[in-house]
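K.L.:
Just passing along the structure, written as structure tokens.
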Amino acid sequence: LTNFNGRQLGRVKSFSQELRAAGDVGAFSYIAGLNFATDKASATQVIDIPYSTTAVTLGGPPALPIDAVSTNINQHFDTQAIFFNLDYHISDELTLRGGVRYTAADLHYNACSAAPTASAADAFTRLVNRVRGGLGLSPIAALAPGQCASVNPITLGTDRYFNKLNQDNVSWRAGIDYKPAPGTLIYASISKGYKAGSVSTVAATNDLQFTPVSQESVLAYEIGAKAKLFNRKAEITAAAFYYDYRDKQVLGRAVFQPNIFGAINALTNVPKSEIKGAEAQLTVFPVRGLTLTAAGTYLDTRVKGDFANVDILGNAINFKDNAFPYTPKWQVVLDGDYRFPLGSGMNGILGANANYRSKTTAGFGGSNLLDIDAYWLVDLRAGVDFKDGKYSVQIFGRNITNQYYWTNVARSLDNVRRYAGAPATYGIQFSAKY
């Protein structure tokens, strides 16, 4: 049995400033500007693992167990950008859109994992000295609670890790909007975007786990349409898209030297990957007060080229053609809402919602230990609002079938744990609008 109780504390300070100019010149509309932002973030996570077998065996008499581990990371981001966007209104029905942005992002950070308790400090001290002794090195002094315990791979001592990552990029987009009739839009777009480089916040036994990953990029293609039909008795939206990724950031695993725990968590880049998909939503208003909605999303995700990494069991594998974690092929939402007058400014409310997620996985590699099974969730609601919707009271039932389902699966040390979703839940809700 494992008691896995996470505690997290953090602080964020942000400052941003933007200078923007916008206007119309004939058939053209433009926006141009400069942006500056600085963000400072400090986070500490404490994980309690007093009953894991790893905690006991790594300590063992006369050593005390590793009953907890904490990770602290301090990050300082400086971001500068310049951007320009131009829309060309060829006619009332047709508009061409384009934009470009240059961004420079600088990250400076420091991090370490620490032994938050006397028991953990004793166990980490013995563990580090066991490694050093095997290489003929003198032992380190006993670690104090709260002192950094992650190992420097060069000195084989414990320390705080300092590093930086400075990158820049040019993102852009181009698109066309066509409105053949009132309430109807057909569009197509292509864009190139970036996600800034980052650093892992996992509990680390080796400083190299804090090595930053580079920025990821995506070349996105999308076509879609929106329309109001049958004298506004129905609305439909639909889109198809293709995302071509380079260096997508994922939480993978790696084996570092000195090898203490085998394959351990580390943020990494997937060289090439893609998402193909489509989504649609239909909303109908068959009678006054009744709204029925059906929405669905289809995703086909894949690692395109070679991606050598380590699976949950520590096996070195090429994840080529693997699907992305947490990307069910099908997602469906069905919703019905009926509002009817009760007199004296009051309205009754009846509603139901059904939500489906197909099977997915919590990591690369195909291990059934990481499976997240498909599930349906059904919710009901009923209530009244009054004073033109300013106040309302509703009773609700969520997951009324008491479906048992998982939302996440993860491995920590020698334990694989699943996070279960909320069971059947009933309650009453009051709301007010101001």
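The values are calculated or read from the model by the stated rules, or taken from the named source; none is laboratory data. None of these values were measured; they are calculated from a predicted model. Virtual Cβ from ideal backbone geometry, glycine too; neighbours counted across all protein chains shown. For accessibility, only protein heavy atoms count, side chains too; no ligands or nucleic acids. Shrake-Rupley method; radii C 1.70, N 1.55, O 1.52, S 1.80 Å.
K.L.:
Tell me which of these Lys226 doesn't satisfy, since it passes every other one: (1) in contact with a Phe, Trp or Tyr (Cβ under 9 Å, 6 or more places away or on another chain); (2) more than 21 Å from Gly99 (Cα to Cα); (3) at pLDDT below 95.
P.N.:
If we test Lys226 against (1) in contact with a Phe, Trp or Tyr (Cβ under 9 Å, 6 or more places away or on another chain); (2) more than 21 Å from Gly99 (Cα to Cα); (3) at pLDDT below 95, just (3) comes out false.
K.L.:
Right, something else. Go through (1) open to solvent by 30 Å² or more (accessible area, probe 1.4 Å); (2) of a type in the set (Gly, Ala, Ser); (3) under 23 Å from the mean Cα position of the chain (by Cα) for Ala238 and report which single condition fails.
P.N.:
(3)
K.L.:
Can I ask one more? Being hydrophobic (A, V, I, L, M, F, W, C), at pLDDT below 90, surrounded by fewer than 18 Cβ atoms within 10 Å (Cβ to Cβ) and more than 20 Å from Asn166 (Cα to Cα), is that true of even one residue in segment 81-92?
P.N.:
No: segment 81-92 contains no residue that is hydrophobic (A, V, I, L, M, F, W, C), at pLDDT below 90, surrounded by fewer than 18 Cβ atoms within 10 Å (Cβ to Cβ) and more than 20 Å from Asn166 (Cα to Cα).
K.L.:
Inside segment 353-382, can you point out the residues that are outside any loop (DSSP other than H, G, I, E, B), open to solvent by 40 Å² or more (accessible area, probe 1.4 Å), hydrophobic (A, V, I, L, M, F, W, C) and closer than 30 Å to Ala263 by Cα?
P.N.:
Leu369
K.L.:
Scan segment 163-212 residue by residue and report those that are under 23 Å from Phe261 (Cβ atoms) and either free of Cβ contacts under 8 Å to residues at least 12 places away in the same chain or hydrophobic (A, V, I, L, M, F, W, C) (or both). Walk me through how you get there before you give the answer.
P.N.:
Going residue by residue through segment 163-212, those that are under 23 Å from Phe261 (Cβ atoms) are 163, 198-212.
Matches in segment 163-212: Val199, Val202, Ala203, Ala204, Leu208, Phe210.
K.L.:
On to the next question. For segment 357-371, name all the residues that are farther than 18 Å from Thr297 by Cα and touching a residue at least 12 places away in the same chain (Cβ under 8 Å).
P.N.:
Result: Ala362, Gly363, Phe364, Gly365, Gly366, Ser367, Leu369, Leu370, Asp371.
K.L.:
Given the structure, is Asn318 polar (S, T, N, Q) and touching a Ser or Thr at 6+ places or on another chain (Cβ under 9 Å)? Step through it out loud before you land on a result.
P.N.:
Numbers: polar (S, T, N, Q): yes; touching a Ser or Thr at 6+ places or on another chain (Cβ under 9 Å): no.
No: the conditions fail for Asn318.
K.L.:
Which one is nearest to the chain's Cα centre (by Cα) among residues in segment 178-200 that are open to solvent by 50 Å² or more (accessible area, probe 1.4 Å) and closer than 30 Å to Ala266 by Cβ?
P.N.:
Lys195
K.L.:
Residue check, Ile312 against (1) more than 30 Å from Arg418 (Cβ to Cβ); (2) in contact (Cβ under 8 Å) with a residue 24 or more places away in the chain; (3) of a type in the set (A, V, I, L, M, F, W, C), all met but one. Which one?
P.N.:
Unmet condition: (1).
K.L.:
Related question: Looking at segment 294-333, which of the residues that are surrounded by fewer than 17 Cβ atoms within 10 Å (Cβ to Cβ) and among the small types (Gly, Ala, Ser) is farthest from Gly363 (Cα to Cα)?
P.N.:
The selected residue is Ala294.
K.L.:
Starting from residues that are farther than 20 Å from Tyr326 by Cβ, part of a strand (DSSP E or B) and in contact with an Asp or Glu (Cβ under 9 Å, 6 or more places away or on another chain), keep the ones in segment 383-424 and report whichever is most open to solvent (accessible area, probe 1.4 Å).
P.N.:
Among residues in segment 383-424 that are farther than 20 Å from Tyr326 by Cβ, part of a strand (DSSP E or B) and in contact with an Asp or Glu (Cβ under 9 Å, 6 or more places away or on another chain), the one most open to solvent (accessible area, probe 1.4 Å) is Arg398.
K.L.:
Pairs, please: C-beta under 9 Å, at least 6 apart or cross-chain, first residue touching a residue at least 24 places away in the same chain (Cβ under 8 Å) and more than 20 Å from Ala68 (Cα to Cα) and in segment 120-138, second surrounded by 21 or more Cβ atoms within 10 Å (Cβ to Cβ) and not polar (S, T, N, Q)?
P.N.:
Val131/Val151
K.L.:
Moving on to the next point. With the requirement that a residue be farther than 30 Å from Asp207 by Cβ and not in a strand (DSSP E or B), what does segment 260-292 give you? Can you show your working first?
P.N.:
Going through segment 260-292, the residues farther than 30 Å from Asp207 by Cβ turn out to be 274-292.
Phe285, Pro286, Val287, Arg288, Gly289 - these are the residues of segment 260-292 that are farther than 30 Å from Asp207 by Cβ and not in a strand (DSSP E or B).
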